[in-house]
Amino acid sequence: MFIRRRDGRVEVRMNDYGRSVVRSAFANVLAAERDPDHEWHVALTGPIDPSLDQDNPVSMLKRQTETSTNAELASLTVDEQFLNDAEAWVWLTTLQVALRSTAQTNGLHTDEQLAAADEQMLAYVHTLQSLLFELAACF
Amino acid sequence: MASTQPLRRTTTEGEVQTDDAVETKRPWNVIVWNDPVTPMTVVVVIFRKIFGYSNNKCTQLMLAVHHEGRALVWSGHRERAEGYCVKLQVAGLQSTIEQDA
């Protein structure tokens with residue numbers, strides 16, 4: 001699905017279904033970062049220093065800004081056939097955020113909980129893992 | 001003479017602050033936590049990109065996370081530790097900081 005070409009770009013060879021999965025994942029990360037009521041929002045706002053009641057606001061803002069910027073760039077390039085290095089990187093990080101948010105929101109914190117997940121959830125997790133596995137190979 | 005008083009105070013304050021300074025010199029550790037869904041190769045790529053470690057070191061750290069549930073991936077000043085922690089979280093890994101015991 002992802003091939004690093006000689007010119008340095010990453011070629012995206014994905015069918016319509018794959019694009020729709022990726023588009024949905026990017027859109028959800030962006031929405032979750034902006035909407036405190038989104039089910040993934042808690043997963044995106046985990047503690048930086050758990051010993052404190054509240055983390056440094058500057059670091060929290062930096063995290064929010066970077067995550068949003070990545071998801072925006074990923075969404076803007078979702079239909080591209082070729083990605084440059086920075087674009088491929090934001091695809092990887094945003095897909096990874098989507099994968100972990102999905103797991104956290106659905107209580108998949110251990111291997112046992114993952115094994116006991118319903119088929120639809122497992123299929124979605126495996127799809128994101130496959131995308132990440134292939135994209136990681138380009139770096 | 002009038003100016004010596006503040007200077008002495010400054011010196012005293014400096015000495016008093018020495019204890020605090022020693023306290024804050026304990027390094028801050030960046031910890032990455034295991035999760036059951038993140039592919040191993042993704043963890044290695046993220047470590048390499050963020051820290052610039054060798055492939056070998058990234059693989060060792062990834063395996064430590066996988067087998068021990070957590071791994072110390074960087075240690076040093078608090079501000080940098082916090083910065084690395086944010087970068088790891090933005091990249092989708094579960095990460096926190098804690099001061100060295």
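For beta carbons closer than 7 Å, sequence separation of 6+ or different chains, a first residue in the range A:75-102 that is in contact (Cβ under 8 Å) with a residue 40 or more places away in the chain and a second that is acidic (Asp, Glu) and buried (at least 19 other Cβ atoms within 10 Å of the Cβ), the qualifying pairs are A:Arg100/B:Asp35.
Among residues that are farther than 22 Å from A:Phe2 by Cα, part of a helix (DSSP H, G or I) and small (Gly, Ala, Ser), A:Ala117 is not included. Exactly one of these conditions fails for A:His41: (1) surrounded by fewer than 18 Cβ atoms within 10 Å (Cβ to Cβ); (2) under 15 Å from A:Val97 (Cβ atoms); (3) touching a residue at least 12 places away in the same chain (Cβ under 8 Å). Give me its number. It is condition (3) that A:His41 fails. Would the range A:89-101 turn up any residue that is of a type outside the set (Asp, Glu) and either loosely packed, with under 15 Cβ neighbours inside 10 Å or not in a helix (DSSP H, G or I) (or both)? Looking for residues that are of a type outside the set (Asp, Glu) and either loosely packed, with under 15 Cβ neighbours inside 10 Å or not in a helix (DSSP H, G or I) (or both), one finds none in the range A:89-101, hence no.
Of all residues in the range B:70-97, those satisfying the criterion of being within 11 Å of chain A (Cβ to nearest Cβ) and either more than 21 Å from A:Val42 (Cβ to Cβ) or of a type in the set (Val, Ile, Thr) (or both) are B:Arg78, B:Glu79, B:Ala81, B:Gly83, B:Tyr84, B:Val86, B:Val90, B:Thr96, B:Ile97. When A:Thr69, A:Thr45, A:Thr77 are screened for being within 11 Å of chain B (Cβ to nearest Cβ) and either under 26 Å from B:Arg48 (Cβ atoms) or at pLDDT 95 or above (or both), only A:Thr69 passes. Filtering the range B:60-69 to residues that are more than 19 Å from A:Ser101 (Cα to Cα) and away from chain A (no Cβ under 13 Å) leaves B:Gln60, B:Leu61, B:Leu63, B:Ala64, B:Glu68. Name the helices (runs of 4 or more DSSP H) wholly inside chain B in which the number of residues that are at pLDDT 95 or above is 1 or more. Correct list: B:40-51, B:55-68, B:78-90.
Total residues in the range B:23-54 satisfying the condition of being polar (S, T, N, Q) and under 16 Å from B:Val65 (Cα atoms): the figure is 4.
Residues in the range A:110-132 that are crowded, with 16+ Cβ neighbours inside 10 Å and not aliphatic (A, V, I, L, M) were compared, and the one that is nearest to the other protein chains (Cβ to nearest Cβ) is A:Gln129.
Quick one: would you say A:Phe133 is out of contact with any Gly (no Cβ under 9 Å at 6 or more places or on another chain), under 30 Å from A:Arg6 (Cβ atoms) and either among the polar types (S, T, N, Q) or touching a residue at least 40 places away in the same chain (Cβ under 8 Å) (or both)? No: the conditions fail for A:Phe133.
Being under 16 Å from the mean Cα position of the chain (by Cα) and closer than 17 Å to B:Lys49 by Cα is the requirement here; does A:Glu72 meet it? Here the answer is no, as A:Glu72 does not meet what is asked. When we screen A:Ala98, A:Ala136, A:Ala103, A:Ala117 for residues that are of a type in the set (A, V, I, L, M), more than 15 Å from the chain's Cα centre (by Cα) and under 23 Å from B:Trp33 (Cα atoms), the only hit is A:Ala117.
The values are calculated or read from the model by the stated rules, or taken from the named source; none is laboratory data. Keep in mind that this is a model prediction, so the values were computed, not measured. Note: ideal-geometry Cβ built from the backbone for every residue, glycine included; neighbour counts use all protein chains shown.
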